[in-house]
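The values are calculated or read from the model by the stated rules, or taken from the named source; none is laboratory data. Everything numeric in this text was worked out from a predicted model, so none of it was measured. Because the Cβ atoms are built from the backbone with ideal geometry, glycine has one as well, and the counts that use them run over all protein chains shown. Accessible surface areas use protein heavy atoms only, side chains included; no ligands, DNA or RNA. Shrake-Rupley method; radii C 1.70, N 1.55, O 1.52, S 1.80 Å.
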Amino acid sequence: MESCSSNASTKDFFLVGFPALQDFQTPLFFVFLLFYLLILVGNAIIITVVVVDRTLHKPMYFFLLNLSVLDVLFTTTTIPKMLAMFLANAKTISFQGCFLQMYSFHGLTVTEALILVVMAYDRYEAICNPLHYAARMTRRANTALAAGAWITALLVPVPVIAQTSRLAFREATRVRHCFCDHLAVVQAACSDFRADFQNFLGFSIAMTVSVVPLLLVTLSYVRIILSVLKISSKEGRAKAFSTCTSHLLVVGTYYSSIAVAYLSYRADIPVDVHVMSNVVFCILTPLLNPIIYTLRNKEVKSAVRKCIFPKTSCLSKKNNLFA
């Protein structure tokens, strides 16, 4: 039996992946490659149209730009390593590489939760305080809100991950996952009081940074709903709600997938099901975000159409002029 030590210089982590799917590594590679390319292309389109189209130079789309950049970075921390695992069986990752991946993954997860809170606040100001919206949601205020979300989120995981790196591990520790998730790495550490405490602390912090932003989003939408219900016309209420639909769908997707990922750690399920539930969280939201905003938001849909089919857009404008 290998001895445990806290010396990180010679340690490697072995990512188990999907034990029951060892004969399907090539199909898994192509499936995950397809998902990754769709995420990159979809979010690249959103980033491009928001930057290029002046009609989208509004606070809501500035935060959407942040969300798309975040989704590209978020998936890039995990999927390329998974692709290497499936294609070349490269399941080993260094101690330093593992903890860098862990920090990036959890930091960007918290960033997404906070960006969704900022987007909810933007919708609150737009619907509940329309007369003061332009004065409050200035470019400087938007930049400060986005920067605050990024900086806060990237600082939150530092203490826990730093303490986790000091746990005792074997020379080749088997991590029951496709990437270095905090709880998976802690469960793979040599069992002692510190490891048990890190397991409890990590889960508690994960729940806190998920539940608190969800409560803030919920509070914003309670205020929004109460404000919308005061609008006398049915058309006015429908128009006000329509500006929130895309964001609500994104929030629902994010929190439903993260709930499944958290519950999988507490359930007695096969390792493959457990890993897949966490992988779905990594892929589902970044994949669906650009689709939701492209299909549900008229301004984004129009900007994408103009970007992809510029000549068709010009012809439609001419037809409208002579109609």
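The lone criterion from (1) open to solvent by 50 Å² or more (accessible area, probe 1.4 Å); (2) under 22 Å from Leu15 (Cα atoms); (3) of a type outside the set (Gly, Ala, Ser) left unmet by Leu145 is number (2). Scanning the range 53-66 for residues that are assigned to a helix (DSSP H, G or I) and either surrounded by 15 or more Cβ atoms within 10 Å (Cβ to Cβ) or modelled with pLDDT of 90 or more (or both) yields a count of 9. Can you spot a residue in the range 117-128 that is closer than 27 Å to Arg176 by Cβ, part of a helix (DSSP H, G or I) and of a type in the set (Asp, Glu)? There is no residue in the range 117-128 that is closer than 27 Å to Arg176 by Cβ, part of a helix (DSSP H, G or I) and of a type in the set (Asp, Glu).
How many residues does the range 120-138 contain that are closer than 22 Å to Phe74 by Cβ and open to solvent by 10 Å² or more (accessible area, probe 1.4 Å)? Going through the range 120-138 one residue at a time, the tally reaches 1.
May I ask you to say which residue of Thr109, Thr208 is assigned to a helix (DSSP H, G or I), under 22 Å from Thr76 (Cα atoms) and of a type in the set (S, T, N, Q)? First the steps, then the outcome.
Numbers: Thr208 fails: under 22 Å from Thr76 (Cα atoms).
Just a single option satisfies the conditions, and that option is Thr109.
The lone criterion from (1) under 30 Å from Lys81 (Cα atoms); (2) among the hydrophobic types (A, V, I, L, M, F, W, C); (3) modelled with pLDDT of 65 or more left unmet by Ala303 is number (1). Listed by first and then second residue, the pairs with beta-carbon distance under 8 Å, at least 6 apart or on different chains, first residue in the range 72-98 and closer than 20 Å to Pro290 by Cβ, second surrounded by fewer than 16 Cβ atoms within 10 Å (Cβ to Cβ), are Val72/Ala44.
Does Ser246 qualify as being of a type in the set (S, T, N, Q), assigned to a helix (DSSP H, G or I) and open to solvent by less than 10 Å² (accessible area, probe 1.4 Å)? Can you show your working first?
Working: of a type in the set (S, T, N, Q): yes; assigned to a helix (DSSP H, G or I): yes; open to solvent by less than 10 Å² (accessible area, probe 1.4 Å): yes.
Yes, satisfied.
If a residue has to be aliphatic (A, V, I, L, M), crowded, with 17+ Cβ neighbours inside 10 Å and in contact with a helix residue (DSSP H, G or I) (Cβ under 6 Å, 6 or more places away or on another chain) to count, how many in the range 84-104 make the cut? Step through it out loud before you land on a result.
Filtering the range 84-104 for residues aliphatic (A, V, I, L, M) gives 84-85, 87-88, 90, 93, 100, 102.
So of that shortlist, the ones also crowded, with 17+ Cβ neighbours inside 10 Å come out as 85, 93, 102.
Adding the requirement that they be in contact with a helix residue (DSSP H, G or I) (Cβ under 6 Å, 6 or more places away or on another chain) leaves 102.
Matching residues across the range 84-104 total 1.
Residues in the range 161-201 that are under 27 Å from Leu116 (Cα atoms) and either of a type in the set (Lys, Arg) or at pLDDT below 75 (or both): Asn199 alone. Taking the listed residues Val69, Val50, the one that is open to solvent by less than 60 Å² (accessible area, probe 1.4 Å), more than 17 Å from His182 (Cα to Cα) and touching a Leu at 6+ places or on another chain (Cβ under 6 Å) is Val50, with no other qualifying. Of the residues making up the range 287-300, those that are modelled with pLDDT of 85 or more and either basic (Lys, Arg) or surrounded by 15 or more Cβ atoms within 10 Å (Cβ to Cβ) (or both) are Leu287, Leu288, Asn289, Pro290, Ile292.
Against the criterion of being farther than 16 Å from Leu67 by Cβ and surrounded by 20 or more Cβ atoms within 10 Å (Cβ to Cβ), Val275 qualifies.
Residues of the range 74-84 that are within 16 Å of Asp181 (Cα to Cα) and more than 9 Å from the chain's Cα centre (by Cα): Thr76, Thr77, Thr78, Ile79, Pro80, Lys81, Met82. For Ala261, state whether it is more than 22 Å from Met60 (Cβ to Cβ), modelled with pLDDT under 80, assigned to a helix (DSSP H, G or I) and aliphatic (A, V, I, L, M). In short, yes.
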